[in-house]
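Undergrad: Sharing a structure, written as structure tokens. Questions coming.
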Amino acid sequence: MKRSTKVSIVLVILGLILMGVGWWNHGNKSVLWSNNPRGFRVIRKAQQSYQPGAYQRIVVDAKAPVTIKAGNSNRVTVSYLDNVKGHPTATVSKGTLTIKGGNSTAHLSQTGFSMGDGGDTNGGVLVTVPRDKQLADVTVKKGSQAISLRNLQAKSMTIAASKDISLMDVRVDKQLTVNSSNGDVWASDVKAQQLSVVAENGDVGVSNSRLTANTNRMVSENGDVRVSETKLGGGRVSSSNGDVHLQNNRLTKTLTAYTDDGDITAHIAKSAGAKVIGKDADMDDIKVMGKARHSGYWLHQNAQAQYKLTTTDGDITVSTD
């Protein structure tokens, strides 16, 4: 019997076992592999809902994934997996909603078989807060695990997590600072005066956002950086070891893009200027409007919106609307 046939038979048997476990537990349950204790188990959700005292701040200091989103209620709701030890808790004290605790090893493995609409918190918590709450600030302390923020408003936000960071429909009056030590950073529909993102070991993606400052900063130490469909004053985009993609943005002043070892692709407005520099590039490595150019070529020098694109070792491609 061929090896591929044996593997297929094993996978079919595993699938039947998982379906049996799900059926035995009333069918429409999610089934995942638990590391502690080892074995398959059916996911059951637990939820706590309460009327909190007044708070103006949110602080996250958790060792398990945390998702915070706005909901259509004046209560705070905390959802988590039932019987998973060490899930984070949420409390309000002295004007601060604090989400803390949890165990990074307590969550369930992602390998498994889901039946029904499922949807689990991966061993962390989902915290739902009132939609119209205007916060003074949101702080995610260094060392926290994965963090996801949805539909929140605050005067400032400072996020430092060790895993992936996801921001969607977030409004910040002043500065939004994001740092990930070992994960990707994705931001969509974000409105802030200034955005500063640093991903030490992951990709950075910003889309459909509005960043008014001229000093925005989007940096990846070891990954790609992509900025698309975003209106911004200016700033710096860079990667030490990855590509830079600038797609259909609307720039007011100057945006500097740099990569040590990677390519730069920029699709810019017709009226924008672009200076391209390839420090170790042949003429064929730089293309502007479909034509090969020498290092140092400058498109529309007198334009108000300017892109300064530099790569130490890679290609640069510039196109317009």
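The values are calculated or read from the model by the stated rules, or taken from the named source; none is laboratory data. Quantities reported herein were computed from a predicted structural model and do not represent experimental measurements. In this analysis, Cβ positions are derived from the backbone assuming ideal geometry, glycine residues included, and neighbour counts consider all displayed protein chains. These accessible areas exclude ligands, DNA and RNA; they are computed on the full protein's heavy atoms, side chains included. Shrake-Rupley method; radii C 1.70, N 1.55, O 1.52, S 1.80 Å.
Undergrad: Would you calculate the separation in nanometres between label points at Glu200 and Asn302, each defined as 7 Å from the Cα along the Cα-to-beta-carbon direction?
TA: 4.8
Undergrad: Follow-up. In whole percent, how big is the carbon plus sulfur part of the accessible area of region 216-315, probe 1.4 Å, protein atoms only? Before the final figure, lay out the partial values.
TA: Details: 1900 of 4660 Å².
Carbon and sulfur together cover 41 percent of it.
Undergrad: With every protein chain kept in the model, how would you rank Ile13, Ile165 by accessible area, 1.4 Å probe, largest at the top? Walk me through the numbers before you get to the answer.
TA: Working: Ile13 90, Ile165 0 Å².
Final ranking, largest accessible area leading: Ile13, Ile165.
Undergrad: Let me ask something else about it. Using a basic spin-label model with each label point 7 Å from the Cα along Cα→Cβ, how many nm lie between Ala292 and Thr212?
TA: Going from the Ala292 label point to the Thr212 one covers 4.7 nm.
Undergrad: Computed FRET efficiency, Cβ-Cβ of Ala54 and Glu229, R0 51 Å: what is it to the nearest 0.05? Could the numbers behind the result be given before it?
TA: Working: r = 38 Å, r/R0 = 0.74.
After rounding to 0.05, the efficiency reads 0.85.
Undergrad: Could I ask something else about it? So how much slack lies between Ser271 and Asn248, counting 0.36 nm per residue of separation and subtracting their Cα-Cα distance, in nm? Display every interim value, and only then the final one.
TA: Working: separation 23, 0.36 × 23 = 8.28 nm, distance 1.25 nm.
Full extension of this stretch gives 7.0 nm more.
Undergrad: At each listed q (0.16, 0.17, 0.18 Å⁻¹), what is the log10 of I(q)/I(0) that the Debye formula gives for region 224-321 modelled as equal alpha-carbon point scatterers?
TA: After summing over all Cα pairs, the log10 values are -0.55, -0.63, -0.71.
Undergrad: Go through Lys133/Lys191; Lys191/Lys270; Lys141/Lys163; Lys100/Lys141; Lys270/Lys291; Lys141/Lys191 and tell me which ones have a Cα-Cα distance over 19 Å in this structure. If you can, show how the numbers build up before the last one.
TA: Values: Lys133/Lys191 16 Å; Lys191/Lys270 25 Å; Lys141/Lys163 12 Å; Lys100/Lys141 10 Å; Lys270/Lys291 16 Å; Lys141/Lys191 22 Å.
Pairs exceeding the cut-off: Lys191/Lys270; Lys141/Lys191.
Undergrad: Could you please put Leu126, Leu255 in sequence from largest to smallest accessible area, using a 1.4 Å probe? Please report the intermediate quantities before stating the final value.
TA: Working: Leu126 45, Leu255 5 Å².
Accessible-area ranking of Leu126, Leu255, largest first: Leu126, Leu255.
Undergrad: In this model, which of Lys253/Lys287; Lys69/Lys174; Lys69/Lys253; Lys174/Lys275 are farther than 27 Å apart at the alpha-carbon? Don't skip to the answer; put the middle values down first.
TA: Values: Lys253/Lys287 23 Å; Lys69/Lys174 20 Å; Lys69/Lys253 33 Å; Lys174/Lys275 30 Å.
The pairs that break the limit, which is 27 Å between Cα atoms, are Lys69/Lys253; Lys174/Lys275.
Undergrad: Gain in length, Lys163 to Lys100, computed as 0.36 nm per residue apart minus the alpha-carbon separation, to one decimal in nm? Please report the intermediate quantities before stating the final value.
TA: Values: separation 63, 0.36 × 63 = 22.68 nm, distance 1.61 nm.
Separation in residues times 0.36 nm, less the Cα-Cα distance, equals 21.1 nm.
Undergrad: What percent does the relative contact order of region 155-238 come to when contacts are Cα pairs within less than 8 Å and at least six residues apart? Write out the running numbers ahead of the final one.
TA: Numbers: 259 pairs, mean separation 19.3, N = 84.
Once normalised by length, the contact order is 23 percent.
Undergrad: Another question about this same structure. To the nearest 20 debye, what is the magnitude of the charge dipole of region 254-321 about its Cα centre, counting +1 on the Cβ of each Lys and Arg and -1 on the Cβ of each Asp and Glu? Mind showing how you got there, number by number?
TA: On the way: 7 positive and 10 negative charges, 102 e Å.
The dipole of region 254-321 has a size of about 500 debye.
Undergrad: Please work out, to two decimal places, the log10 of the ratio I(q)/I(0) at q = 0.11, 0.18, 0.23, 0.25 Å⁻¹ from a Debye calculation in which every Cα of region 166-271 carries one identical scatterer.
TA: -0.27, -0.76, -1.27, -1.48
Undergrad: Let me ask another. Report the FRET efficiency, 1/(1 + (r/R0)^6), for Asp313 and Lys155, where r is their Cβ-Cβ distance and R0 is 35 Å, rounded to 0.05. Don't skip to the end; give the middle numbers.
TA: On the way: r = 42 Å, r/R0 = 1.19.
Result of the calculation: an efficiency of 0.25.
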